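See structure below.
Nothing in this text is a laboratory measurement; each read-out follows from the coordinates by a stated rule. Values in this document were obtained by computation on a predicted structure and should not be read as measured data. Cβ atoms come from the backbone with ideal geometry, glycine included; neighbour counts cover every protein chain shown.
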Amino acid sequence: MNLANKLTLLRIFLIPVFMVFLLNRVNIPYGAGIAAGIFILAAITDALDGYIARKKNQITTFGKFMDPLADKLLISSALISLVQMGKISAIVVIIIIAREFTISILRAVAASEGVVIAASWWGKMKTVTQIVAIIALLINNYPFSYINFPFDVYMTWVAVFFTVISGIDYIRINKHILKSE
């Protein structure tokens, strides 16, 4: 169990902790702020585990499976919780989660044929904008509240844009995998 894999497992462990603070924010002093901090920490582990695995040449089969799963669990848990709290539309969350399922299945089919679908620039932008949108929704526009700028709404739609474009891009580039013989 290398450091990159431990960071991935930490991210998974942080998900229920994040949700306890987020969904019980009324009963826990500063619960929403603590939840935002936990989410940020988990997002940082996402960036670190991949960097460490590549830099130290510690890429493992476990990491290849668990890292994307941990990412999807973290983002999906946050988004579904935000729907429950009334901070984001279920339609937006369905679009994001549908894209994740679609591309995960595409990657699985490709892997079964010995093809690896690497993360694209669009996919990386999708991840970054989703994380920024979730953080903005969690902190409830705090840095922007004095100017009445709905940064969380803006970033949510930016994240949806990159989610849809990256999904289309992955399918366009890898459509040969979907062709039947």
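Here are a few things to note about the model shown:
- Counting neighbouring Cβ atoms within 10 Å and putting the fewest first, the residues Thr156, Thr60, Thr129 line up as Thr60, Thr129, Thr156.
- Helical runs assigned H by DSSP (4 residues or longer) give the chain a calculated mean residue ellipticity at 222 nm of -26500 deg cm²/dmol, each run adding -39500 (n - 2.57) before division by the residue total.
- Enclosing the Cα atoms of the chain in their convex hull gives a volume equal to 122 cubic angstrom per residue.
- GNM on the chain, alpha-carbon springs under 10 angstrom: the most fluctuating residue among Ala136, Ala47, Ala159 is Ala47.
- In plain terms, if you count all Cα to Cα distances in region 1-65 and split them into 10 Å steps from zero, the share in each step is 23, 41, 23, 12, 1 percent.
- For the Cα trace of region 87-181, dividing Rg by the Kirkwood Rh returns an Rg/Rh value of 1.10.
- Choice from Asn57, Asn24, Asn140 showing the highest fluctuation, given a GNM over the chain with Cα pairs closer than 10 Å: Asn57
- Listed by chain and number, the aspartates and glutamates whose C-alpha is less than 20 Å from the C-alpha of Lys126, apart from same-chain residues fewer than 8 away, are Asp46, Asp49, Asp67, Asp71, Glu100, Asp152, Asp169.
- Hz values of 3J(HN,Hα) by residue in region 5-18 - Karplus curve (6.51, -1.76, 1.60), Gly and Pro given as x: 5, 5, 5, 4, 5, 4, 4, 5, 4, 5, 4, x, 5, 4
- Between Ile40, Ile52, Ile131, the Gaussian network model of the chain with springs among Cα atoms under 10 angstrom shows the greatest mean-square fluctuation at Ile52.
- Percent RCO, i.e. relative contact order, over region 87-181, from Cα pairs under 8 Å lying at least 6 residues apart: 39
- Mean separation of Cα contacts under 8 Å, 6 or more apart, over the residue count of region 1-65: relative contact order %: 46
- For region 94-101, the Karplus equation 6.51 cos²θ - 1.76 cosθ + 1.60, evaluated at θ = phi - 60°, returns couplings of 5, 4, 5, 5, 4, 4, 4, 4 Hz by residue, with Gly and Pro reported as x.
- Our coupling estimate for region 79-92, obtained by passing each phi through the Karplus curve with A = 6.51, B = -1.76, C = 1.60 and θ = phi - 60°, is 5, 5, 5, 5, 5, 4, 7, x, 9, 8, 6, 4, 4, 4 Hz, Gly and Pro reported as x.
- A simple charge model with +1 on the Cβ of Lys and Arg, -1 on the Cβ of Asp and Glu and nothing else charged puts the dipole of the chain at about 240 debye relative to its Cα centre.
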